[in-house]
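A.B. asks: Dumping the structure here so I can ask a few things about it.
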Amino acid sequence: MANEPTKTSTPQTKTKLVLDILIFIVFLVAMDPHSSGIAIHEWLTLASLAALTLHLLLSWDWIVEITQRFFKKIGTQTRINYVLNWLLFIFGTLVMVSGILISEAALPSLGIRLPQGFFWRRLHDMSANLVLLLLGLHTALHWSWIVKTFDRYIFQPIAAKFSTSKPKDVSA
Ligand code: HEM
């Protein structure tokens, strides 16, 4: 996490970056099921549960620490971040649960057919839109971490590759 407690890059930072890019791509595809097709929508988002769980586990120390310190002295941005993360978790769970309950491909392919309910469809749509909003805020709050980590693990290595692969000046 980008806010308190402040930590410099750890061996897990690169894993977090790769994972976050993956989650971001899955989310973009998930928000447009009519383009991807419902089967891809369902299997991809179900598979992303593994990446989401790992994302939480990699931030576990931060979660535990801020939970313990929440009613003591912590910065406003950390407090906002913490509450936002809980909202993201709650609405993220809702979008997954409601999605499973209206499944048209994954569950039927496993032989499970649930009665289709308008309520769960509305809830799925609404919670997906709320997750979109919360994810935007989550990204904004972590922007400096994103910029720093992209620079360190993506832009700098690319720049270094280009500078070492430049042809040597052979003029006398
Ligand atoms: C990150 C998780 C997910 C996101 C962000 C997401 C988002 C969305 C969105 C935006 C729609 C379009 C709603 C509309 O056009 O009214 C949709 C539809 C749908 N989703 Fe998901 N979804 C997720 C997970 C799932 C899962 C896990 C399943 C089932 C296993 C699922 C099943 C469906 C189905 C069946 C529809 C079609 C509903 C309809 O046509 O009314 N979704 N989803």
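A.B. asks: Using the structure shown, decide if Ser9 is part of a loop (DSSP other than H, G, I, E, B), open to solvent by less than 80 Å² (accessible area, probe 1.4 Å) and either aliphatic (A, V, I, L, M) or more than 8 Å from the ligand (Cβ to nearest atom) (or both). Let's see the steps before the verdict.
C.D. replies: On the way: part of a loop (DSSP other than H, G, I, E, B): yes; open to solvent by less than 80 Å² (accessible area, probe 1.4 Å): yes; either aliphatic (A, V, I, L, M) or more than 8 Å from the ligand (Cβ to nearest atom) (or both): yes.
The answer is yes for Ser9.
A.B. asks: Within region 84-99, track down each residue that is of a type in the set (A, V, I, L, M), touching a residue at least 40 places away in the same chain (Cβ under 8 Å) and either under 16 Å from Ile40 (Cα atoms) or near the ligand (Cβ under 7 Å from one of its atoms) (or both). Give the steps one after another, and end with the answer.
C.D. replies: Pass one, region 84-99, residues of a type in the set (A, V, I, L, M): 84, 87-88, 90, 94-97.
Subsequent filtering for residues that are touching a residue at least 40 places away in the same chain (Cβ under 8 Å) retains 84, 87-88, 96.
The one that is of a type in the set (A, V, I, L, M), touching a residue at least 40 places away in the same chain (Cβ under 8 Å) and either under 16 Å from Ile40 (Cα atoms) or near the ligand (Cβ under 7 Å from one of its atoms) (or both): Met96.
A.B. asks: Right, here's the next one. Quick one: would you say Phe24 is within 15 Å of the ligand (Cβ to nearest atom), within 24 Å of Ile154 (Cβ to Cβ) and either of a type outside the set (D, E, K, R) or surrounded by 14 or more Cβ atoms within 10 Å (Cβ to Cβ) (or both)?
C.D. replies: yes
A.B. asks: If you take the residues of region 68-83 that are open to solvent by less than 70 Å² (accessible area, probe 1.4 Å) and among the polar types (S, T, N, Q), which of them is farthest from the ligand (Cβ to nearest atom)?
C.D. replies: Thr78
A.B. asks: Take Leu52 and tell me if it is within 14 Å of the ligand (Cβ to nearest atom), part of a helix (DSSP H, G or I), open to solvent by 40 Å² or more (accessible area, probe 1.4 Å) and touching a residue at least 12 places away in the same chain (Cβ under 8 Å).
C.D. replies: yes
A.B. asks: With the condition kept exactly as written, say whether any residue in region 113-125 is within 25 Å of Leu19 (Cβ to Cβ) and at pLDDT 95 or above. Please lay out each step first, then the result.
C.D. replies: Taking region 113-125 and keeping what is within 25 Å of Leu19 (Cβ to Cβ), we get 124.
Right, trim to at pLDDT 95 or above and you get 124.
Scanning region 113-125 turns up at least one residue that is within 25 Å of Leu19 (Cβ to Cβ) and at pLDDT 95 or above.
A.B. asks: Moving on. Among residues belonging to region 121-163 that are open to solvent by 90 Å² or more (accessible area, probe 1.4 Å) and within 16 Å of the ligand (Cβ to nearest atom), point out the one that is farthest from Ile38 (Cα to Cα).
C.D. replies: Leu133
A.B. asks: Residue by residue through region 27-49, note down the ones that are loosely packed, with under 14 Cβ neighbours inside 10 Å and under 20 Å from Lys16 (Cα atoms).
C.D. replies: Leu28, Ala47, Leu49
A.B. asks: Looking only at residues in region 55-67 that are under 18 Å from Leu17 (Cα atoms) and open to solvent by less than 30 Å² (accessible area, probe 1.4 Å), which one is nearest to the ligand (Cβ to nearest atom)?
C.D. replies: Ser59
The values are calculated or read from the model by the stated rules, or taken from the named source; none is laboratory data. Bear in mind that the values here come from a model prediction, so they are computed numbers and not experimental data. Positions of Cβ are generated from backbone atoms using ideal geometry, with glycine treated the same way; all protein chains shown enter the neighbour counts. Protein only, heavy atoms only, side chains kept; ligands, DNA and RNA dropped before computing areas. Shrake-Rupley method; radii C 1.70, N 1.55, O 1.52, S 1.80 Å.
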